[in-house]
Amino acid sequence: MKKTRQYHGTDYKRRIVAEYLSGTISAEDLAKREGLVRGQIYKWRVQLENRERHERIAEIADTEGVSIEQARRIRELEEELAATQAKLAQTVLEVDLLKKLQPNSPFARESSGYIDTKQKLARLRGRAK
């Protein structure tokens, strides 16, 4: 007997993908629970990312008064900037950690202070509870 195709709304897809991306449950377990195929969750994630990308392009074109091609280029540059910022943050964190691992190094005193700030914030949050 042929299985009928199921159609799921965008809100349902967003909820499933958000739950998967939160890391609280694996794609396999989530798919079993919802009666889906694991690959469907991955496909929905890509579809939603593409939809958000196209919505952002349309938003840029409307608000900035530029052509669709220019809006696409702006979106590409935004994505490139976000990736570069993430890499920079990771590099700063790694450098700070390396400096902390070698406390006798003359460079240890020159850390960016990221780790110290993070530790102070953690202590402050602990007191607030």
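The values are calculated or read from the model by the stated rules, or taken from the named source; none is laboratory data. Just so it is clear, the structure is predicted and the values come from calculations on it, not from any experiment. A quick note on method: Cβ atoms are made from the backbone with ideal geometry, for glycine too, and the neighbour counts reach across all protein chains shown. Note: accessible area is taken over every heavy atom of the protein model, side chains too, but ligands, DNA and RNA are not part of it. Shrake-Rupley method; radii C 1.70, N 1.55, O 1.52, S 1.80 Å.
Quick notes
- Taken over segment 57-68, the criterion of being open to solvent by less than 70 Å² (accessible area, probe 1.4 Å) and either in a helix (DSSP H, G or I) or charged (D, E, K, R) (or both) is satisfied by I57, A58, I60, A61.
- Hits in segment 30-48 - residues which are over 21 Å from the mean Cα position of the chain (by Cα) and either open to solvent by 80 Å² or more (accessible area, probe 1.4 Å) or touching a residue at least 24 places away in the same chain (Cβ under 8 Å) (or both): K32, R33, V37
- Within segment 1-19, one or more residues are aromatic (F, W, Y) and more than 25 Å from E78 (Cα to Cα).
- For the criterion of being assigned to a helix (DSSP H, G or I), open to solvent by less than 60 Å² (accessible area, probe 1.4 Å) and farther than 27 Å from L21 by Cα, A71 passes.
- The one condition in (1) open to solvent by less than 90 Å² (accessible area, probe 1.4 Å); (2) not in a loop (DSSP other than H, G, I, E, B) that H54 fails to fulfil: (1)
- Residue among A89, A108 that is at pLDDT 75 or above, small (G, A, S) and either surrounded by 12 or more Cβ atoms within 10 Å (Cβ to Cβ) or within 20 Å of the chain's Cα centre (by Cα) (or both): A89
- Summed over segment 14-29, residues that are open to solvent by 80 Å² or more (accessible area, probe 1.4 Å) and outside any helix (DSSP H, G or I) total 1.
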